[in-house]
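I have placed the structure first, in the form of structure tokens, so that the comments after it can refer back to it.
The values are calculated or read from the model by the stated rules, or taken from the named source; none is laboratory data. What you see is a predicted model; the values in this text were computed from it and never measured. We place every Cβ from the backbone using ideal geometry, glycine too, and count neighbours over all the protein chains shown.
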Amino acid sequence: MGQELQILITAAITIACLHTMMGPDHYLPFIAIAKARGWRFGKTLMWVIICGCGHVWSSVLLGLGGAALGWSITKVKWLENVRGGIAGWALLVFGLLYGIWGLIRAYKNIPHKHFDTYDDGSIYVYEHKHGVAVQSSERHKVTPWVMFIIFLLGPCEPMIPLLFFPAAKSSMYGMVILIIVYTFFTLLTMITMVVIGYVGLGFLKTDKLERYMHALGGLTLFICGAGMVFLEW
């Protein structure tokens with residue numbers, strides 16, 4: 001599955017980078033807590049890696065659920081000759097449904113987590129809708145370990161079909177490569193954004209794009225699935 005694996009790797013890199021860059025909660029809390037507590041860069045980097053690994057591995061667990069479905073397809077003899085096509089269609093359909101869900105989520109302005117820093121150095125997390133004020137009673141104080149739990153419980157859903165495809169093709173090698181690539185580029189993007197903020201440089205404005213993070217992830221999967229099904233990528 002050489003060419004197919006290249007496509008999936010491209011999708012994994014795209015989703016990992018977009019998901020991280022368009023979600024300020026992936027890097028701003030580390031910058032804020034480091035400056036508030038006077039952390040050295042090494043300690044800041046350590047917590048970025050710890051929380052990033054928790055976030056990625058929870059995503060991988062979701063993906064392994066998809067992989068289990070893929071492996072089960074390989075056991076059905078009458079599907080043996082078409083399982084690759086089924087995997088491509090699964091990628092396409094999941095991407096379409098996930099993208100539609102992301103658009104609905106953006107349209108309805110579903111609450112999502114945000115972090116805020118106070119003058120005394122304390123950091124709080126809260127549920128937030130774009131354009132809606134938040135009451136102080138709805139905020140909860142954040143410690144490094146609380147931040148780790150938040151990242152652990154916030155996986156990236158597109159990992160499900162990304163691992164489903166190589167599993168359906170009986171490619172353990174493909175699954176391992178995708179997990180490594182997704183982990184590396186998620187951590188790399190988190191670290192890059194934290195470094196940029198740590199040295200005082202500005203960020204690109206992602207507030208508006210953040211609402212469409214899930215929709216763009218779905219679009220990426222849909223394009224990959226459509227290419228495999230209709231264009232023989």
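Key figures for this structure:
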{"quantity": "Subset of segment 1-45 that is surrounded by 18 or more Cβ atoms within 10 Å (Cβ to Cβ), under 29 Å from Leu91 (Cα atoms) and of a type in the set (Gly, Ala, Ser) - its residue that is nearest to the chain's Cα centre (by Cα)", "calculated": "Ala16"}
{"quantity": "Segment 1-56, residues that are of a type in the set (Ser, Thr, Tyr), part of a helix (DSSP H, G or I) and either closer than 17 Å to Val194 by Cα or without any contact (Cβ under 8 Å) to a residue 60 or more places away in the chain (or both)", "calculated": "Thr20, Thr44"}
{"quantity": "Scope segment 151-180; condition closer than 30 Å to Leu28 by Cβ and among the β-branched types (Val, Ile, Thr); matching residues", "calculated": "Ile160, Ile179, Ile180"}
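Per-residue answers, yes or no, for (1) at pLDDT below 80; (2) surrounded by fewer than 16 Cβ atoms within 10 Å (Cβ to Cβ):
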| residue | (1), (2) |
| --- | --- |
| Gly54 | no, no |
| Leu61 | no, yes |
| Gly66 | yes, no |
| Ser72 | yes, yes |
| Val76 | yes, yes |
| Leu79 | yes, yes |
| Arg83 | yes, no |
| Leu92 | no, no |
| Leu96 | no, no |
